[in-house]
Every structure is written in C-alpha cells, then in structure tokens.
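> What follows is a single structure, and I will ask about it in a moment.
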Amino acid sequence: MTRKEPRVIEPDEKNLHVEDRPKEWAAGLPGVYYSMKPAIEHMGVERTLKTVLKMNHKDGFDCPSCAWPDPAKRKTFEFCENGAKAVTWEAAPVVISSEFWAENSLSDLRKRSEFWLGMQGRLVEPVYKPAGEDHYRPVSWDEAFEIIGRKFKSLDSPDEAAFYTSGRTSNEAAFLYQLFARGFGTNNLPDCSNMCHESSGWAMGQTIGIGKATVTFEDYENADLIIVMGQNPGTNHPRMLTELENCKRNGGQVVAVNPLPEAALKRYKNPQTVRGVAGKGTEIADQFLQIRLGGDMALLQAVSKRVFEAEAKNPGTVLDHAFLEEHCEGLDELRDYLLTLDDATVVEATGLRIEEIDELADRYLAADKVIITWAMGITQQKKGVATIKEMINLLLLRGNIGKPGAGASPIRGHSNVQGDRTMGIWEQMPPTFMDALGKEFSFEPPREHGADAVEAIKRMRDGRVKAYIALGGNLVSAISDTQVAEEAFENTDMTVQISIKLNRSHLITGKEALILPCKGRTEIDQQATGEQFVSVEDTVCAVHASRGTVEPVSDNLLSEPAIISRLARAILDDRLDADWEGFEKDYDLIRDHISRVVEGCEDYNRRIRLDGGFVMPNGPRDSRTFNTPTGKAVLTVNDLEYLERPEGTLILQSLRAHDQWNTTIYSHNDRYRGIKKGRHVVFINPEDIAELGLTDGQNVDIHGVYDDGVQRVLRAYRVVSYPTARGCAASYYPEANVLVPLDEVAQGSNTPTSKQIIVRFEPSSHTAPTEHYSAATAPVPDAEADGFPDVRTEETPAKQAAASSV
C-alpha cells in the first residue's frame with residue numbers, strides 16, 4: 001500500500017450542529033463501530049489486525065493513550081474506542097513528504113488547526129529551521145545532531161536549557177533522558193505531570209508517603225463503594241467502565257461527583273457482553289452529585305464530619321481505631337476542626353442539598369471497602385492539593401488504605417506518565433535517587449531543584465532558558481496562558497521537538513528549530529543486537545513490556561532511546577561514564593542501570609520478562625507502611641476555601657471532547673455531549689443563560705476575569721444550553737488555555753487551575769473564528785462522525801517516490 005499525503009479541507013464552523021440533548025449511555029455497538037471504521041479505512045485490514053488486536057496484550061504493545069491497567073487474564077479485544085483511535089492516528093501509513101516543507105511556511109502553518117496538522121501524516125525525516133527563516137528544510141540525522149550539539153555546548157550555563165517530557169515516553173527512554181539532562185548539568189525537567197497529577201503527588205506524598213495509587217486492578221471489582229470524582233471515564237479512560245460494571249455486578253455501589261452529567265457514568269453498554277449489545281447495559285452511578293466547580297473540598301470535609309458524628313453517637317463502632325492508633329497521626333486535630341464546619345458554608349460551596357451530602361455519608365458509613373478515584377477535575381483546582389488530602393483523611397478514618405477492595409486511586413491520563421516519574425523525570429528528585437545515579441555513572445548530579453512546566457515558561461519568557469528539547473508532547477498548546485507561552489517559546493534561541501506527528505509546538509519556535517522524527521510505540525524497533533522492547537508503568541504501579549507489531553512507516557526513523565543516545569554523544573562528550581552507543585544497540589543495558597538506580601526495579605531484566613511483568617512496591621498498599629517523617633499516615637487540617645464568582649460571571653472549566661486525546665484532535669465531534677463538526681462552544685446551564693441575558697445558540701466572546709490588566713478572550717463561541725451545575729460553564733481544552741493566567745496555579749503543586757476560570761460573556765461581533773490559535777483556534781475541518789475526517793488524498797510521482805510500501 002502506498003502512503004499518501006492527505007489534503008484535509010478546513011472550512012469554518014458554520015456546519016456546527018448541536019443535538020437536542022446529550023446522550024444517556026455510552027459505548028455499546030457504536031463504540032465498536034467508531035473504533036474499527038476509521039482503523040480499517042486508514043490502516044487497512046491487515047495493519048488494523050496487527051495493531052488493535054495486539055494492543056494491551058502481553059506479546060503486544062501498551063496502549064499509547066491512557067494508563068488504565070490491564071487484567072491478569074486478557075480478552076481478545078483488550079482496547080477501547082479512544083485507544084483504537086490513538087493507534088490509528090499513530091500507525092496509519094501516511095507520511096509527510098520532503099516537498100511539504102518548501103510548500104508550507106511556518107507563518108502559513110500557524111493558521112492551521114491542531115487537527116489539520118496531525119492529519120498531514122507521520123514525520124519521517126529531521127528538519128531544521130535556521131534563524132531568520134520561515135521554512136523548515138530536511139537535513140540528515142548527522143547534521144541535525146551537529147547543529148543541536150553546537151548550540152547546547154555554547155550555553156553559558158546548563159540551567160539555560162530545559163528538557164521536557166511527554167507521558168508517552170517509555171521507561172527506558174525516560175531514564176536515558178533524565179540522565180542526559182543531569183549529565184548536562186541541570187534539573188530543568190518539566191513534564192506533562194506538572195499540568196495534571198502534580199497535585200496528587202504532593203498531597204499523597206505528604207500524607208501517606210507515596211504519590212501513587214494504593215489499589216490494585218482487582219480492588220475495583222471487589223469494592224463496596226467507589227467514589228468517582230472530577231473525571232469522565234467514558235471519554236478519558238473507557239476501559240475503567242468495565243471494572244465499574246464489575247463492581248456493580250458484585251453488589252458494590254458507585255457515586256459520581258462532577259459538575260457535568262456524563263453519559264458513561266449514567267449507563268454503560270459493555271460491547272463485549274450480551275447485556276451491553278442487546279440489553280439496556282448497566283446503570284453505573286447509584287448517586288450523582290452535581291457539584292459546583294471547586295466545591296469538592298467542602299463535600300469531603302462534610303462527609304468526614306459526619307463520620308466523626310456517627311462515632312460520637314456509637315463510640316468504638318465507626319472509626320477504625322486500631323488502624324488509626326497504630327498507623328496514623330493528627331486525628332484529634334482533624335476532629336476538632338471538622339466539628340466546627342458550618343453546613344450552610346458547605347451548601348454554598350458545593351451547590352448541593354444537605355440531603356444529598358447525608359446520603360453520600362450514609363453510603364460511606366455502610367461500606368467496608370471504599371475506593372476514591374479522581375482525575376483532572378480535582379487536581380487543576382486552586383485547592384487541589386488540599387482537596388486530595390481530604391480524600392486521604394476520609395479514607396484513613398475507616399482504614400480504607402492497605403486492605404483489599406479499598407484505597408486512593410488517581411487515574412493517570414498519559415500511558416506512562418507514572419513510569420516517567422519513577423525513572424527520574426522530575427525537577428526535584430530526592431537525594432537517594434541522585435546519590436544512586438551519581439554512583440552508577442561516576443559523576444556528581446546537580447542538586448538544585450530545576451524548573452517545572454510553568455516555571456520553564458517563565459524562564460523562557462525572561463531569557464533565562466535559551467534552549468529547549470521536548471521528548472514528545474505539545475507544551476505550547478498544553479500549558480496555560482497561551483499567548484504568554486507562545487511569546488516565551490519565540491524568545492528562545494533553539495527549540496528541538498522529538499515527535500511522530502506535527503503539532504503547534506513545531507510552529508511556535510525559537511530562533512532556530514529542529515524536529516526529530518521517531519518511531520511510535522506500535523512499530524517494531526530493530527537495533528544492532530536484534531528486536532527491542534520497552535517497558536511502561538500503569539496507574540496501579542504494574543510494570544510490563546511493550547513490543548511494536550508493525551513495520552515502521554519509514555526506514556529513516558530512529559527510536560526514542562536512539563535519539564537520546566545520539567544527542568548525548570553530540571553534547572556531553574565524556575562528562576559521565578555512560579555507554580551511549582551501547583544503549584542504542586541493546587536496551588537491556590539501560591535496564592541493567594535502572595535496576596541499580598531506581599528503587600523497586602531490582603533485577604529488572606529478569607522481572608520484566610515474567611508473564612505480565614511485575615508490580616512496583618507500594619508501602620501503604622502492601623504493608624500499611626508510610627514513608628513520612630514519623631512513619632505514620634498524616635491526617636491533615638485544611639482550611640476550607642472555595643471560589644466565589646462576582647455578579648455577571650461564571651466559573652468555567654476546560655475539558656476534552658470525546659474525539660480527542662490531550663491536545664491531539666481526532667475530529668471535531670463530541671458524540672456523548674451532542675456536538676458535531678465544531679469545537680467553539682461553551683456549555684452553560686439554561687438558568688444561567690437566562691440570568692446573564694444570553695440566548696441558546698448565540699455567539700459570544702468569553703473573557704477571563706483577572707486583575708492583571710491583560711485581556712484574555714475566546715472569540716465567537718456558541719452558547720450551548722447544557723445541564724451543567726449552576727454558576728458553572730465548560731469549554732474545550734486546549735483552546736480555553738488562553739483564559740488561564742500563567743500565575744493561576746494550584747497551591748503547593750504549581751499546576752494550572754484550568755478547572756476554576758472566572759469568565760464573563762459579551763455578544764460577539766465576529767461571525768467566524770479568528771485565525772490565531774490562542775484567540776479561538778483556526779478554522780476546523782468538516783469531520784465525519786466516526787472520529788476521523790473524510791480525508792481526500794492526492795498522489796504525485798514525487799510523493800510516491802517519498803513513500804515506501806507496507
């Protein structure tokens with residue numbers, strides 16, 4: 001099959017269609033159809049079978065989308081709709097030809113949407129943009145590494161460089177990358193976790209001594225109660241729905257806490273069961289608490305208060321006294337604080353009725369095994385760290401950590417973001433890790449903490465970071481305050497992106513810029529010593545191998561470990577005792593070093609080859625041991641604070657559409673919310689629409705309301721009447737990032753507060769969206785309902801010559 005460069009047409013949003021009401025259930029046969037139709041159309045039957053049927057299998061590759069864990073016994077179809085779309089996006093045999101770069105200037109490409117950029121096909125050759133020019137041009141690999149090496153060696157200080165990491169990066173690549181950065185002399189290692197679960201890491205680390213889930217995969221189906229907070233599993237991690245269904249089938253209950261009702265948490269039709277295909281499926285949420293944005297902390301405190309009150313009425317029968325006495329501290333202080341909590345304040349903060357809160361408390365008190373699970377709806381609040389500490393408080397009170405069927409479960413949205421952190425991708429790794437790293441490679445690692453994602457943008461803006469390398473990702477679109485981020489990137493001397501497909505971070509560049517194309521996770525990785533595999537860590541600390549199953553789309557591609565190894569050889573010379581050339585040839589050498597540096601990864605090469613891999617140690621889960629200063633879990637007192645909105649404003653949150661994975665847009669449809677062929681919408685409660693003097697279907701400009709004198713606005717967004725919580729609104733990420741000031745971050749974690757944006761609305765004089773992405777994205781394509789566009793292709797002799805056969 002010949003790979004073709006697509007011609008994707010981008011009309012405006014005049015064809016935007018809003019259905020009468022959002023869907024009431026998720027998945028079922030439509031989930032299968034929207035998974036397989038684009039896969040077969042874009043990859044062909046053979047390539048589809050080699051990919052989607054090997055995804056999440058022990059002899060295949062790990063899904064490149066979310067980090068949901070795998071069961072011990074795998075089904076034939078161990079993938080979800082969004083996983084299939086992620087694979088189709090990566091593995092479709094469409095490539096960008098050499099002519100593309102001469103035909104398209106950066107100025108022209110900046111007018112394109114993220115969707116259009118991604119649909120141009122795979123990057124297959126290094127390209128370089130010299131200073132003062134507006135085009136990339138193809139270069140050889142040797143020339144690319146020489147250009148990068150020359151720039152990085154010229155920096156006055158190692159801290160003038162920053163090394164960003166995407167959560168798709170494998171353990172092996174992540175370990176090499178952090179070694180490369182620290183060998184260079186800096187801890188400037190911003191990563192995607194800074195923008196998502198950083199709040200979870202801080203809260204859990206300070207209270208139970210580890211920033212990871214304290215549950216196993218099996219705990220989900222064995223829980224008596226699962227409280228799902230601030231997440232939409234149906235879109236962001238659909239395979240989780242099967243375990244929620246299993247919990248229900250085993251007699252457990254599920255409570256959903258979210259400002260928006262989500263179809264998947266109402267009813268799930270499992271497409272792999274008769275009940276899901278021919279029947280009504282399974283009702284998931286036994287109780288839905290439609291909470292006001294930012295009200296989760298107050299809700300959790302109110303439930304914990306009721307636990308203390310129940311204990312006072314029946315002493316010795318409610319709290320887990322033995323667990324609390326042996327393993328915890330801070331109980332008395334927490335009790336004294338919560339018993340003063342005013343219910344009227346809780347009602348104001350949450351937007352809930354007292355009866356609803358009482359019902360949740362009753363469910364919690366009746367359950368012996370409870371899991372609380374959460375995602376970005378919690379972590380991206382100003383009080384996200386404190387809110388997660390309140391989850392830990394509630395779990396500890398009745399001993400719901402360290403026993404089967406119970407625990408704390410942050411759900412990671414990137415497939416290996418947790419593994420990357422384990423491997424050392426963090427700007428402030430602890431001394432024990434740094435000591436082991438220095439000993440292993442005979443050098444002294446830098447000890448001063450480096451820059452996270454927000455701080456890296458500030459340093460770029462201020463001229464303190466002059467050179468930037470990104471191992472995957474799309475930071476300029478993913479980070480808050482889009483206009484500031486773009487200006488910061490353009491203020492650098494050089495930006496280098498290691499990528500598989502085009503995105504906006506390739507277009508907003510330093511004076512010099514390079515793109516280094518790499519193999520994807522689906523592709524066979526052949527090196528000098530034979531076929532290689534990599535490894536990843538999922539959201540419950542299970543580490544397993546991942547092996548590509550299809551031939552790369554080009555023989556010119558290098559793997560991530562190979563690119564990092566060659567960068568290190570071009571820049572570091574002999575600064576540390578590392579066999580960079582050997583690492584590229586044989587990944588076992590990398591894992592040997594990991595086994596001696598990373599705690600819990602001892603004997604890595606043997607254990608990763610075990611059936612299903614191995615599970616990282618987890619003190620709270622495994623033995624109720626807590627790596628805190630006192631060796632005990634800490635019950636914390638957190639002053640209640642919630643966001644009050646000025647009159648005439650709403651609190652807006654950003655969220656993903658269904659046909660989307662982070663900043664990757666598969667189409668401009670959001671099937672479950674009833675949106676087709678458009679993204680420029682804002683979801684508002686009908687009562688708020690009336691109160692603000694707006695009308696359903698009206699075009700408005702959305703203004704961020706802050707006191708810094710900067711105008712932040714999204715132009716020409718359609719008002720959609722939607723059953724969101726009163727006083728709250730929602731719009732799509734990453735477009736809404738333009739509304740979030742860079743300094744608006746969660747206390748303690750520095751995570752952008754994308755779930756608490758104060759906005760006001762004005763009637764729009766614009767009839768079509770402006771071209772500048774940070775204002776309202778570029779015009780969008782006429783996408784089909786299957787999650788991929790009706791791609792029109794053309795083929796020329798030059799493009800045929802540039803392509804190779806599959």
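> Would you mind giving the average projected area, over all directions, of the Cα convex hull of segment 524-682 in nm² with one decimal?
Average projection, Cα convex hull of segment 524-682: 18.0 nm².
> Rounded to the nearest 5, what % of the DSSP beta bridges within segment 576-729 are antiparallel ones?
The antiparallel fraction comes to roughly 55 percent.
> Now for a different question. Only loop residues by DSSP count here, and only those with at most 10 other Cβ atoms within 10 Å; note down the trypsin sites (Lys or Arg not before Pro) in segment 1-107 that meet that.
Hits after loop and neighbour filter: Lys73.
> Using the C-alpha atoms of segment 410-554, what convex hull volume per residue, in cubic angstrom, is computed?
Enclosed volume per residue, from the Cα hull, is 163 Å³.
> For segment 647-770, take N as its residue count and report Rg(C-alpha) divided by 2.2 N^0.38 Å.
1.02
> Let me ask something additional. DSSP loop GluC sites (Glu not before Pro) in segment 105-213 with at most 14 other Cβ atoms within 10 Å of their Cβ, which ones?
Filter output for segment 105-213: Glu133.
> Mind scanning Lys151/Lys439; Lys23/Lys305; Lys266/Lys389; Lys212/Lys458; Lys73/Lys519; Lys111/Lys151 and naming the pairs with a C-alpha gap bigger than 32 Å?
Over 32 Å apart, Cα to Cα: Lys23/Lys305.
> Would you kindly state how much longer the chain becomes between Ala690 and Asp579 on full extension, computed as 0.36 nm times their sequence separation minus their alpha carbon distance, in nm to one decimal?
33.3 nm
> Report in % the part of the accessible area of the chain that belongs to carbon and sulfur, leaving out ligands and nucleic acids; probe 1.4 Å.
Using a 1.4 Å probe with all protein chains present, the chain comes out at 47 percent carbon and sulfur.
> Please report, to two decimal places, log10 I(q)/I(0) for segment 318-425 at q = 0.11, 0.17, 0.18, 0.21 Å⁻¹ as given by the Debye formula with identical point scatterers on the Cα atoms and no solvent.
Those come out to -0.45, -1.04, -1.15, -1.40, one per q.
> Straight-line reach from Lys269: which aspartates and glutamates have a Cα under 19 Å away, not including same-chain ones fewer than 8 places off?
Those aspartates and glutamates meeting the cut-off are Glu24, Glu78, Glu81, Glu221, Glu243, Glu245, Glu283, Asp286, Asp659, Asp670, Asp786.
> Per residue, how much accessible area does the chain show when a 1.4 Å probe rolls over the protein heavy atoms, in square angstrom?
34 Å²
> Run the reach check for Lys14 against lysines, Cα to Cα strictly under 17 Å, same-chain hits fewer than 8 apart removed. What comes back?
Lys676, Lys677
> Just to be sure I understand, if you calculate P(r) over Cα pairs in 10 Å bins from 0, in percent for this structure, which of (i) 2, 11, 17, 18, 15, 12, 9, 6, 4, 3, 1, 0, 0, 0; (ii) 3, 14, 25, 28, 20, 9, 2, 0, 0; (iii) 2, 9, 12, 11, 9, 8, 8, 8, 10, 10, 8, 4, 1, 0, 0, 0 do you get?
(ii)
> Further question on the same structure: Need the C-alpha centroid separation for segment 291-308 versus segment 568-596, integer Å.
So the separation of the two Cα centres works out to 49 Å.
> Next question. Given N residues in segment 201-309, what is Rg(Cα) / (2.2 N^0.38 Å)?
For segment 201-309, the normalised Cα radius of gyration comes out at 1.17.
> Packing-wise, with mean Cβ within 10 Å as the measure, how do 539-547, 467-475 rank, highest first?
In descending order of packing, they fall as 467-475, 539-547.
> Report relative contact order for segment 31-108 in percent, whole number only (criteria: Cα-Cα under 8 Å, sequence separation at least 6).
So the answer I get is 39 percent.
> Apply the Debye scattering formula to segment 1-151, with a single equal point scatterer on each alpha-carbon and no solvent, then give log10 I(q)/I(0) at q = 0.12, 0.20 Å⁻¹.
Those come out to -0.74, -1.25, one per q.
> Between segment 239-268 and segment 714-746, what's the alpha-carbon centroid distance in Å?
26 Å
> Also, I was wondering about something else. Please tell me the relative contact order of segment 510-615 in percent, rounded to the nearest whole number, where contacts are Cα pairs under 8 Å and at least six residues apart.
It rounds to 28 percent for segment 510-615.
> Further question: Given N residues in segment 163-213, what is Rg(Cα) / (2.2 N^0.38 Å)?
1.27
> Also: On average, how much area does the Cα convex hull of segment 560-602 cover when viewed from any direction, in nm²?
Approximately 3.2 nm², given one-decimal rounding.
> Here is a follow-up. When a/c reaches 1.5 or more, the comparison of a/b and b/c decides; with that in mind, is segment 92-233 rounded, prolate or oblate per its Cα gyration tensor?
Oblate, because a/c is 1.5 or more while a/b does not exceed b/c.
> By a straight-distance test (C-alpha under 18 Å), which aspartates and glutamates pair with Lys313 as possible cross-link partners, with residues fewer than eight away in the same chain excluded?
Cross-link targets: Asp332, Asp336, Asp358, Glu359, Asp362.
> Of Pro686, Ile702, Tyr672, whose Cα points farthest to the positive end of the dipole of segment 625-709 (charges on the beta-carbon: +1 Lys, Arg; -1 Asp, Glu; origin at the Cα centre)?
Sorting the options by dipole projection puts first Tyr672.
> Suppose we take every Cα in segment 259-305 and form the convex hull; what volume per residue is that in Å³?
Convex hull of Cα atoms, per residue: 88 Å³.
> Between His17 and Gln287, what is the label-point separation in nm under the 7 Å Cα-to-beta-carbon projection?
Between Gln287 and His17, the simple spin-label model gives 4.0 nm.
> Antiparallel as a % of all DSSP beta bridges within the chain, to the nearest 5?
Bridges in the chain are about 45 percent antiparallel.
The values are calculated or read from the model by the stated rules, or taken from the named source; none is laboratory data. Here the structure is a predicted model, which is why all the values come from computation and not from measurement. Neighbour counts run over all protein chains shown; Cβ positions are idealised from the backbone, glycine included. Side chains included, ligands, DNA and RNA excluded: accessible areas come from the protein's heavy atoms. Shrake-Rupley method; radii C 1.70, N 1.55, O 1.52, S 1.80 Å.
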